[in-house]
Amino acid sequence: MTTLTQKTKAERFRDLHTAPQILVLPNAWDVASAKLFEQAEFQAIGTTSAGIAHSLGYVEPQRISREEMVEMVGRIVKAVSLPVSADMEAGYANTPEGVAETVRAVIAAGAVGINLEDSPGPDGNPLLDVSPQVERLHAAREAADAAGIPFVINARTDVFLFAVGEPHTRLEHAIHRANAYRDAGADCLFVPGVGNSEAIAALVNQIHGPINILANPGVPSAPELQRLGVARVSMGSGPMRATMALTRRIAKELIETGTYRAFTDDTIPYAEANKMFVK
């Protein structure tokens, strides 16, 4: 199989945001999960900052170091042939220059996109003010463009996720932030925490760029999101947390009954698992 260049992967990934078919993006937390998503024939893979942080023993937000997060992103990139977008929380930096350095590190690791969020804010505020976040996104865009690849910046606003402000103000607030981030150079606008079709349709109609929705309980299916005009749906840390839940069921069964069905039924055989990592 021909190895694709990083630029070609970036072009493919960017094009997926304007394709007729919605981009369903699974989020990996290690090489094994990334390989399984690749085997399932997804078109691209994202990473999950929470999944990676928790697997390495950190809480969120931004307790893991930039270096540790980038190191895992690089491992995932090297393990799969698909485009990989890196979830880098708020950029692991307080300044535009620091965010630009994070972008350069992610590109050096081989990724073709990045998530940058506007939370948490300073002094206990849930969000950064719009102006400093716009400056950070400008710096990210300049750093990405200087690298010479069509790097996809997915700008996330957490207005809904953290229930910022009165409920009747959140839609307008999120739209304002998303459009400001689009003007600052973001390619895609990520609004997690929205679940009802009416609000999603309003986001699609009033935000001037491709929209990313987070899959959660109550969120419309991928085909329905496509009908509403959503460009991308991400899984976030959901698959990793589902894996944790399976591990908890295994432990519960062993303690309570001493039986093994939770990890012997429908399990990938050892030889098959081992073969995934043969180069």
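Summary of values
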| read-out | value |
| --- | --- |
| Choice from 22, 45, 255 showing the highest fluctuation, given a GNM over the chain with Cα pairs closer than 10 Å | 255 |
| Translational D in µm²/s for the stretch 202-279 (Stokes-Einstein at 25 °C, 0.890 mPa s, Kirkwood Rh from C-alpha pairs) | 152 µm²/s |
| Cleavage-rule hits, chymotrypsin sites (Phe, Trp or Tyr not before Pro), the stretch 225-279, DSSP coil, Cβ neighbours within 10 Å at most 14 | 260, 277 |
| Loop-located trypsin sites (Lys or Arg not before Pro) in the stretch 120-186, at most 15 other Cβ atoms within 10 Å (DSSP) | none |
| Distance between modelled label sites at residue 104 and residue 129, nm, 7 Å Cα→Cβ extension | 2.8 nm |
| Whole-Hz ³J(HN,Hα) from phi, Karplus 6.51 cos²θ - 1.76 cosθ + 1.60, for the stretch 94-106, glycine and proline x | 9, 10, x, 5, x, 5, 4, 5, 4, 4, 4, 5, 5 |
| Charged-residue dipole, Cβ positions (Lys, Arg, Asp, Glu), the chain about Cα centre, Debye nearest 20 | 720 debye |
| Within-13-Å neighbourhood charge of residue 213 [Cβ basis; K, R +1; D, E -1] | +2 |
| Amide hydrogen neighbours beyond the local backbone of residue 156, cut-off 5 Å, H modeled | 116, 117, 118, 190 |
| Per-selection Kirkwood Rh - the stretch 237-279 (Cα, Å, 1 d.p.) | 11.9 Å |
| Loop sites in the stretch 56-129: trypsin sites (Lys or Arg not before Pro), DSSP, at most 12 other Cβ within 10 Å | 63 |
| Cα-based Lys proximity count in the chain, under 25 Å, for pairs eight or more positions apart or on separate chains | 11 |
| Gaussian network model of the chain, Cα within-10 Å springs - most flexible of 243, 169, 267 | 267 |
| Residue of 129, 118, 158 that the Gaussian network model of the chain assigns the largest fluctuation, springs spanning Cα pairs under 10 Å | 129 |
| Sites residue 245 and residue 97, calculated FRET efficiency, Cβ-Cβ separation with R0 51 Å, nearest 0.05 | 0.80 |
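A short reminder: the numbers here are calculations on the coordinates, not readings from a lab. This structure is a prediction, so every number in the text was calculated from the model and none was measured. Note that we place each Cβ from the backbone using ideal geometry, even for glycine, and neighbour counts take in every protein chain shown.
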